[in-house]
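Nothing in this text is a laboratory measurement; each read-out follows from the coordinates by a stated rule. As the structure is a computational prediction, the values presented were derived from the model and not from experiment. A quick note on method: Cβ atoms are made from the backbone with ideal geometry, for glycine too, and the neighbour counts reach across all protein chains shown.
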Amino acid sequence: MPFSIRKKRVSLLIAGVALASLMGCGKASPANEPTPTYPSTPGITSPTPTPSLSPLQVEVVADSLEVPWSLAFAPDGRLFFTERPGRIRLVQNGRLLSQPVATLEIAAVGEAGLMGIALDPEFPRNHYLYVYYTYRDPRGNLMNRVARLTESDGQATDLKVILDGIPGGQIHDGGRIKFGPDGKLYITTGDASNSALARNLNSLAGKILRINADGSIPADNPFLGSSVYTWGHRNPQGLAWNPKDGHLFATEHGPVGNDEVNIIVAGQNYGWPQVQGMGDDNRYVNPILVFTPSVAPSGAAFYTGDYVDWQGNLFFTTLRGENIHRVVLTPDGKQVAAHEPLLKDRLGRLRDVVMGPDGFLYVTTSNRDGRGSPAANDDRILRILPGKG
Ligand SMILES: [Ca+2]
């Protein structure tokens, strides 16, 4: 693949242990905070714990960032990402460009701001990039929308709103956007702190939405004339498709505990607010993983690189849990066979994970989001190399 971090950076490779202490962010959980546990979930095949944590190396790709929320690689190897206060930025040839790709007028309040970014499947031809952000409407209400920009030589202009009217709030704004293997744009939205909206099919809050790249509604969406794809979500922030069968997985923040990983099926209700975590009501889809206490899962990605032990595994980052989880699925791809938190050491809150064209995982820290303990060089984009220890 064309993308490569500059060779001299290879010399910076250090084991995760050394990195965490070097960067002064080996922060331990407060003594009074319960250590997250990773329970087996009732009704699924009993997970077989992976015997030991995978060896990892961690490399700094970019630092001194401000809440890098979402990563998107272009086919030419450039890495576009958002910073929540409103900037789209770029790592090119392994170097962070100081000049933003664009600075957007958004409302950065609480958890809200500039969140998701996705590149058009035809990006090499049309240079369209898509973002999800919060703004204030004329009455001062916080709202979310999806907009498209056109990139040229590292600058993005000509903003065009393609989906609007997503209720927003200081918390629970969802915000992940990704193109699926079907070429449609999927969007996670939060309940905007109004749980009733998640069970209301007429609201775009608390949903996973599916639209065409131009903002129109696909004819094969489950609800006629609606962008709603699934409902009953509280605050989903991660999307990833299993390359083996095309099934969509989503991570979701529960209230106090009951964080979820779900397999997303068109038209289904995922329970919020009637059911959180596992339920026994067949009107609602149960998650395949539940976390109590909360780990706050965010970005998600499937691994398709060369490291055999990880191939076909689902990875997701956690904010409160400050880790990357590796999930091994059963051969039918519908249940969890095993999972492990990967990091032995704390890099802090982790917001997004994607797979780079070089076959390595890239994650972002979120230590300047108001809930973390930032080190001097936070926030960062990190590259995770497996199996080198
Ligand atoms: Ca649920």
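So here's what we get for this one:
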quantity: Farthest toward positive dipole pole in the chain [+1 Lys/Arg, -1 Asp/Glu at C-beta], among L56, P222, P297; calculated: L56
quantity: Listed residue pairs exceeding 22 Å between alpha carbons, taken from K207/K344; K244/K344; K178/K207; K184/K244; calculated: K207/K344; K244/K344
quantity: Taking the range 197-289 and dividing mean pair separation by its residue count, relative contact order in percent (alpha carbons under 8 Å, at least six apart); calculated: 23
quantity: Global form of the range 127-232, assessed from the alpha-carbon gyration tensor, a/c cut-off 1.5; calculated: oblate
quantity: Helix-only [θ]222 nm of the chain, DSSP H runs n ≥ 4, -39500 (n - 2.57) each, per residue, nearest 500; calculated: -500 deg cm²/dmol
quantity: Computed lengthening from D153 to D220, 0.36 nm per intervening residue step minus Cα-Cα distance; calculated: 20.5 nm
quantity: Packing-based exposure ordering (other Cβ within 10 Å, fewest first) of V60, V285, V131; calculated: V60, V285, V131
quantity: Sites matching trypsin sites (Lys or Arg not before Pro) across the range 308-389 that sit in DSSP coil, with at most 16 neighbouring C-beta atoms within 10 Å; calculated: K334, K344, R371, K388
quantity: When the convex hull of its Cα atoms is projected in every direction, mean area for the range 269-337 (nm²); calculated: 5.7
quantity: Shape category assigned to the range 238-309 from the gyration tensor of Cα positions, a/c cut at 1.5; calculated: oblate
quantity: Rounded to the nearest 20 debye, dipole of the chain from Cβ charges on Lys, Arg, Asp, Glu; calculated: 560
quantity: The chain, relative contact order in percent, only Cα pairs under 8 angstrom and at least six apart counted; calculated: 18
quantity: Distance in nm between pseudo-label sites at D182 and N126 (7 Å out along the Cβ direction from Cα); calculated: 1.8
quantity: Equivalent ellipsoid dimensions for the chain as semi-axes, Å, which come from the Cα gyration tensor, largest first; calculated: 28, 26, 20
quantity: Listed residues P138, Y186, G370: farthest to the positive end of the dipole of the chain (Cβ charges); calculated: G370
quantity: Extension gain from D164 to S98, taking 0.36 nm per residue of separation minus the Cα-Cα distance; calculated: 20.7 nm
